[in-house]
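Participant: Let me begin by handing over the structure; questions about it come next.
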């Protein structure tokens, strides 16, 4: 199963991601928005060039503040990952996390969480298992901490 992202894409994604994180850390909203838009443009450009990769779309979703928009992006990343036979437990976990935040999304969130944990156990992905169990515990306590 090939989960690697091409080096040139990784380098650009890494650079833009740090710009977003840095702007957020400095609480510079304008710089944050500028870097986010740059990431959106980069992902769209890769799609147009038929170089899309689920990791790119997942990263864009990770930085998306609007839950509904993030869910659409995660679903797009999930479809692409499944088509390519790429592990998708991290995408499923984030879909569950965001779906819990959306009104009326609890049933679907539980399905995503179950799928994330099943795949994470199968792939021996301890980080995703840990994250999934923490999310399950958080929800059992009544939602976001």
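Participant: With the structure loaded, tell me whether residue 104 is over 20 Å from residue 13 (Cα atoms), surrounded by fewer than 19 Cβ atoms within 10 Å (Cβ to Cβ) and not assigned by TED's automatic domain parsing to the domain that holds residue 14 or whether it fails that test.
Facilitator: Yes.
Participant: Also: Keeping to the stretch 46-76, report how many residues are free of Cβ contacts under 8 Å to residues at least 40 places away in the same chain, within 22 Å of residue 101 (Cβ to Cβ) and assigned to a loop (DSSP other than H, G, I, E, B).
Facilitator: Summing the residues that are free of Cβ contacts under 8 Å to residues at least 40 places away in the same chain, within 22 Å of residue 101 (Cβ to Cβ) and assigned to a loop (DSSP other than H, G, I, E, B) in the stretch 46-76 gives 3.
Participant: In the stretch 11-28, is there at least one residue being in a loop (DSSP other than H, G, I, E, B), surrounded by 13 or more Cβ atoms within 10 Å (Cβ to Cβ) and not assigned by TED's automatic domain parsing to the domain that holds residue 130?
Facilitator: There is at least one residue in the stretch 11-28 that is in a loop (DSSP other than H, G, I, E, B), surrounded by 13 or more Cβ atoms within 10 Å (Cβ to Cβ) and not assigned by TED's automatic domain parsing to the domain that holds residue 130.
Participant: Turning to a different aspect of this structure: Counting only residues that are out of contact with any helix residue (DSSP H, G or I) (no Cβ under 8 Å at 6 or more places or on another chain) and either more than 21 Å from residue 54 (Cα to Cα) or in a loop (DSSP other than H, G, I, E, B) (or both), how many does the stretch 91-128 have?
Facilitator: 4
Participant: What residue, among those in the stretch 129-145 that are touching a residue at least 24 places away in the same chain (Cβ under 8 Å) and part of a helix (DSSP H, G or I), is farthest from the chain's Cα centre (by Cα)?
Facilitator: Selected residue: 139.
Participant: List the number of the failed condition for residue 83; all other conditions in (1) outside the structural domain of residue 132 (by TED's automatic domain parsing); (2) out of contact with any helix residue (DSSP H, G or I) (no Cβ under 8 Å at 6 or more places or on another chain); (3) closer than 24 Å to residue 7 by Cβ hold.
Facilitator: Among (1) outside the structural domain of residue 132 (by TED's automatic domain parsing); (2) out of contact with any helix residue (DSSP H, G or I) (no Cβ under 8 Å at 6 or more places or on another chain); (3) closer than 24 Å to residue 7 by Cβ, the lone unmet condition for residue 83 is (1).
The values are calculated or read from the model by the stated rules, or taken from the named source; none is laboratory data. Everything quoted here is computed from the prediction, not taken from an experiment. Don't worry about glycine lacking a Cβ; one is built from the backbone with ideal geometry, like all the others, and counts go over all protein chains shown.
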